[in-house]
1. Using just the Cα positions, wrap the range 88-149 in a convex hull and report its mean projected area in square nanometres, one decimal place.
2. Counting only DSSP beta bridges with both residues in the chain, tell me the antiparallel percent, nearest 5.
3. Report the normalised scattering of the range 1-120 as log10 I(q)/I(0) at q = 0.16, 0.21, 0.22 Å⁻¹, calculated by the Debye formula with identical scatterers on the alpha carbons.
4. Starting from the range 128-164, pick out the chymotrypsin sites (Phe, Trp or Tyr not before Pro) whose DSSP state is loop and whose Cβ has at most 16 other Cβ atoms within 10 Å.
5. Run the quick spin-label model on Gln161 and Glu85: label points 7 Å from Cα toward the beta carbon, then report their separation in nm to one decimal.
6. Can you run phi through the Karplus equation (6.51, -1.76, 1.60; θ = phi - 60°) for the range 72-79 and list ³J(HN,Hα) in whole Hz, with x for Gly and Pro?
7. Mind checking the per residue accessible area of the chain for me, 1.4 Å probe, whole number of Å²?
8. What trypsin sites (Lys or Arg not before Pro) in the range 28-82 are in a loop by DSSP, with at most 14 other Cβ atoms within 10 Å of the Cβ?
Amino acid sequence: MFSKKALITIGITAFNEGDLLLDAWNSVISQTDSQWFAVMILDGDSNFKTKTIFNSIKHPNLIKFSYKENQGVYNCRSKAIELTETDWYFHLDADDTLPYNAINLVDQVIQKNPKIEFVGGACKHIGIGYDTSREPINNINQLTKSPLFFAQAPIKKKMFQKLGGYFIPNHFFHSDWDFWLSVHEKNIKGIIIDQILYNRRNRNNSIT
């Protein structure tokens, strides 16, 4: 039985991932903590297989939205956040997955730290010949090269709105990194934990 008292919405954005979209969705419904909602966005011009899988997925805690024309990665992610009705949003790319206990870990951190606005964590990289875990980085100077933790980390919806969302010029593929630069520039309070919260799939032909 799924609770209506969820703290967090998982947002999945899809474009030509095919069967990997189903893997992403299965990682959501397999969570040990059932207190979640989900939003799934299908970008325009997606291939037939991805559309078929998108249309087949149904759940009482899931809202779906599809574009007729291609919008790009960050416009789709912004739409998912717009449709989020919970205080917290956790993004999931359709070719990635969540560890089975990710929502439980995030919920525990949020409940113990009610004033925080983001939760960073470790990320497991899988595929293309190797699996490796990347721990969060505590050196703020590393932001000149990359985010300090995986860029899809859970955030408060109000924080996203306060910062004005993503900077989305044409052909700009690092709006999430730019977003985290703004988070740290504004000295917004969050928590970074060592546990793995995200499984990122390294694959050929990934959008970014």
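The values are calculated or read from the model by the stated rules, or taken from the named source; none is laboratory data. All figures in this text were calculated on a predicted structure; none of them were measured in a lab. Every residue, glycine among them, receives a Cβ derived from its backbone with ideal geometry; neighbour counts consider all protein chains shown. Surface areas here come from the heavy atoms of the whole protein model, side chains and all, with no ligands, DNA or RNA. Shrake-Rupley method; radii C 1.70, N 1.55, O 1.52, S 1.80 Å.
1. Average projection, Cα convex hull of the range 88-149: 5.6 nm².
2. Within the chain, antiparallel bridges account for around 25 percent of the total.
3. -0.72, -1.18, -1.28
4. Of the chymotrypsin sites (Phe, Trp or Tyr not before Pro), the ones in loops of the range 128-164 whose Cβ has at most 16 other Cβ atoms within 10 Å are Tyr130.
5. For the pair Gln161/Glu85, the computed spacing is 1.5 nm.
6. x, 4, 7, 5, 5, 5, 5, 5
7. About 52 Å² of surface per residue is accessible.
8. Those that pass, being in a loop and sparsely packed, are Lys58, Lys68.
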